[in-house]
1. The conditions are (1) buried (at least 22 other Cβ atoms within 10 Å of the Cβ); (2) out of contact with any helix residue (DSSP H, G or I) (no Cβ under 7 Å at 6 or more places or on another chain); (3) more than 23 Å from ALA44 (Cβ to Cβ), and ARG167 fails exactly one of them. Which is it?
2. So which residues in segment 315-342 are at pLDDT below 90, surrounded by 19 or more Cβ atoms within 10 Å (Cβ to Cβ) and part of a helix (DSSP H, G or I), if there are any at all?
3. Please pick out the residue among LYS121, LYS106, LYS56 that is among the basic types (Lys, Arg), surrounded by fewer than 18 Cβ atoms within 10 Å (Cβ to Cβ), under 21 Å from SER249 (Cα atoms) and assigned by TED's automatic domain parsing to the domain that holds VAL245.
4. Would you say SER39 is hydroxyl-bearing (Ser, Thr, Tyr), at pLDDT below 95 and outside any helix (DSSP H, G or I)?
Amino acid sequence: MMILITAFTLLHVLFYLRLAQGWRKIPAVEKSEDLIPFSVIIPARNESANIQTILKNLESQDYPKELFEVIVIDDFSEDDTVQVVQQLIASINLNLRLERLSDPTKQGKKHALTAGVKAAKYETILTTDADCWFGESWIRAYSDAFRKDVNMVAGPVAIEGKGIFARLQQVEFAGLIGFGAVTISEENPSMCSGANLGFKKTAFEEVGGYTNNLFTPSGDDEFLLFNIMRKFPHSTIFLKSGDAVVHTSAHSKLRSFMNQRTRWTSKWKYNKNWKVRMSAILFFLDYLIFYGAIAAAVLGKLDATFIMGIAIMRFMALLFFVSPVNRFMRGKSSFFPLLLFQIIYPLHVLFMGMNSIFGSYTWKGRKYG
C-alpha cells in the first residue's frame, strides 16, 4: 500500500506541476486591427429570466453592429422566453433574430446549435449560453484570435457567486478550464466549454457537426472539439484573454450542482478518445487509493505522519496550478477553498465516477438516464 500511494502521489504532483507549466506557456493572443464578421448563436430553453441580460451584453459590445448578428434558438421553451426575445427584437439595437425548433423528434441543445449554424449568415460562429454574461470586449477578443489558419477557439468560463459553496465551485471550474486550455494548446484535447466557444462554419460542416454523438444530450462542446482537432490539426487555440472570459452563476443548492456534474460526467462512457478515457480512469483510481490510504492511517495500518505529508504535497501541487488560472479569471483567493476542496473532492470524484455510469439527471425540464 505504501508503494502504491507513493507512486500515485508522485504522478499526481507531476501531473499538476506539468499543467501549471503548460498554463504559463500558453501565449496571449495578439491584438489585430482586422475585424471579421460573426454569427453569435444562443440556444435557449426556459430562459426568460436570463435572456435579456446576455442580449443587453451583446448590445453593449465595443464591436461594429454591422459586423455581427445574434441568433437565439428556442428549444421548445415552456415559459416566456419566446415573448421576451420577440419584444427585444423590436426595441434593442442589435441585429437579432429568433429561430424556433419545430420538430419534436429533434430537440435539445445539439439540435438547437445545428439549426443556428444552418441559419448563420457568417462563416465564423460564436456560441454561449443564455444564462451567461461577459464584458464589452468579448467579440473583439475573438476577432483577434481568429486568424486564417484557425478553425476553432475555446474561451475561458468563470463561476461567480457568494459563499463557500460558490467559492468551491469557482476553484474547481478554474482547474477544469485550465486543464482544458493546456491540453488544447498541446494538441491533446480533453475538454472545453460550450458557454464560450468559436468555430468556423465550414469546419463544423466538414466534421458532420454533432451527427456522430446525438445519442447523448451533453458533450456538444467536447465532441466537436475532438472532431475538429482530429480533422484539422494545429488549427485550434485557447483564447487566453481576460476580455474573453464568460461568467455564469454558481449553483446555490447541492442537488442542482450534483445533477449538472452527473450530466457532464455521463458523456465519459461515450468518449472514443482513449487518452481521455484513460485519464478519467487514472483520476478515479488516484482518489480511490488516496482515500484508502487515509482509511488505513486512521486504522493504524499506515503511518499518519506519512499520509499527512502526502496530503500536503498533493495540496501544494494543486494550488500551484489552480491559483494562476483562478487569478486570470479574477477569482478570489484559492487557498482556503482549495484546502477544503482537497478534503471533500476525492469523495466527490468517487461518487461522480459511479453516478456517471448508473445515475440519471434532469436538464432543462427533461430527464435523461
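1. (2) is the only condition that ARG167 fails.
2. Listed by number, the residues that qualify are PRO337, LEU338, PHE341.
3. Values: LYS121 fails: under 21 Å from SER249 (Cα atoms); LYS106 fails: under 21 Å from SER249 (Cα atoms).
Unique residue meeting the criteria: LYS56.
4. On the way: hydroxyl-bearing (Ser, Thr, Tyr): yes; at pLDDT below 95: no; outside any helix (DSSP H, G or I): yes.
Spelling it out, it is not the case that SER39 is hydroxyl-bearing (Ser, Thr, Tyr), at pLDDT below 95 and outside any helix (DSSP H, G or I).
The values are calculated or read from the model by the stated rules, or taken from the named source; none is laboratory data. Everything numeric here is computed off the predicted structure, so don't read it as measured data. When we count neighbours, we look across all protein chains shown, and the Cβ atoms used for this are built from the backbone with ideal geometry, even at glycine.
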